[in-house]
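The values are calculated or read from the model by the stated rules, or taken from the named source; none is laboratory data. Just so it is clear, the structure is predicted and the values come from calculations on it, not from any experiment. Every residue, glycine among them, receives a Cβ derived from its backbone with ideal geometry; neighbour counts consider all protein chains shown. We work out accessible area using only protein heavy atoms, side chains counted, and drop any ligands, DNA or RNA first. Shrake-Rupley method; radii C 1.70, N 1.55, O 1.52, S 1.80 Å.
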Amino acid sequence: MVARARQPHWYVEGAVPDTVDGRFDTIAAVLAFVMLRLEETPEGAAPSAMLAERFVDDMDGQLRQLGIGDIVVGKHIGKMMAMLGGRLGAYRDGLAGEGIDAALVRNLYRGEAPGAQALAHVRDSLLQFRAALADAPVARLIEGDLP
């Protein structure tokens, strides 16, 4: 998921800020779409929860590499988990309703809407990813083999 979120097209054609925050937001978007797919089936619920735990472990290590000390790492992790939960809800609602554009502007661009082409690029890329995830067997996703 991290490799997928670091693909240049998100930051070039999609105009996601190529910053620590922008990269986190892109990883969280890709992660959210995988988790939403896993949640669609009973056998995917536990792996989805484990994936969230793995995300926390990875972010803990990333924060420490950035030089954030032990005293505040927990606070940052709590904030990241809340952000991930919010994104899951926003993308879930958007996919079930009027689309994900508003959720993307709020969560991926932190309220600063990009140009229409950039937003369309990111939206279409995520929706294509979602369609590929829907066609992939959950067992394959659990193994970490993303389409």
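Go through the stretch 107-129 and report how many residues are touching a residue at least 12 places away in the same chain (Cβ under 8 Å) and either in a loop (DSSP other than H, G, I, E, B) or surrounded by fewer than 17 Cβ atoms within 10 Å (Cβ to Cβ) (or both). Spell out how you get there, then give the answer.
Of the residues in the stretch 107-129, the ones touching a residue at least 12 places away in the same chain (Cβ under 8 Å) are 107-110, 114-115, 117-119, 121-123, 125-127, 129.
Then keep just the ones that are either in a loop (DSSP other than H, G, I, E, B) or surrounded by fewer than 17 Cβ atoms within 10 Å (Cβ to Cβ) (or both); that gives 108-110, 114-115, 117, 127.
So the answer is 7.
Determine, yes or no, whether residue 4 is open to solvent by 50 Å² or more (accessible area, probe 1.4 Å) and assigned to a helix (DSSP H, G or I).
Numbers: open to solvent by 50 Å² or more (accessible area, probe 1.4 Å): yes; assigned to a helix (DSSP H, G or I): yes.
Taking the combined requirement at face value, the residue satisfies it.
Please enumerate the residues belonging to the stretch 75-103 that are among the hydrophobic types (A, V, I, L, M, F, W, C), touching a residue at least 40 places away in the same chain (Cβ under 8 Å) and in contact with a Leu (Cβ under 8 Å, 6 or more places away or on another chain).
84, 88, 95
Counting just the residues of the stretch 7-23 that are within 20 Å of residue 34 (Cβ to Cβ) and of a type in the set (Gly, Ala, Ser), which one comes out surrounded by the most Cβ atoms within 10 Å (Cβ to Cβ)?
14
Quick check on my filter: what residues within the stretch 75-91 are more than 15 Å from residue 58 (Cβ to Cβ) and modelled with pLDDT under 70?
Step one: list which residues in the stretch 75-91 are more than 15 Å from residue 58 (Cβ to Cβ), which gives 75, 78-79, 82, 85-91.
Result: 75, 78.
Taking only pairs six or more apart or across chains, which ones have beta-carbon atoms under 6 Å, a first residue in the stretch 38-53 that is farther than 16 Å from residue 129 by Cβ, and a second residue that is open to solvent by 30 Å² or more (accessible area, probe 1.4 Å) and in a helix (DSSP H, G or I)?
Note: pairs meeting the criteria are 47/142.
It is to be established whether one or more residues within the stretch 84-95 are in contact with an Asp or Glu (Cβ under 8 Å, 6 or more places away or on another chain), open to solvent by less than 70 Å² (accessible area, probe 1.4 Å) and among the hydrophobic types (A, V, I, L, M, F, W, C).
The answer is no; no qualifying residue exists.
Among the numbered criteria (1) exposed (fewer than 12 other Cβ atoms within 10 Å of the Cβ); (2) of a type in the set (Asp, Glu); (3) modelled with pLDDT of 90 or more, which one does residue 53 miss?
(3)
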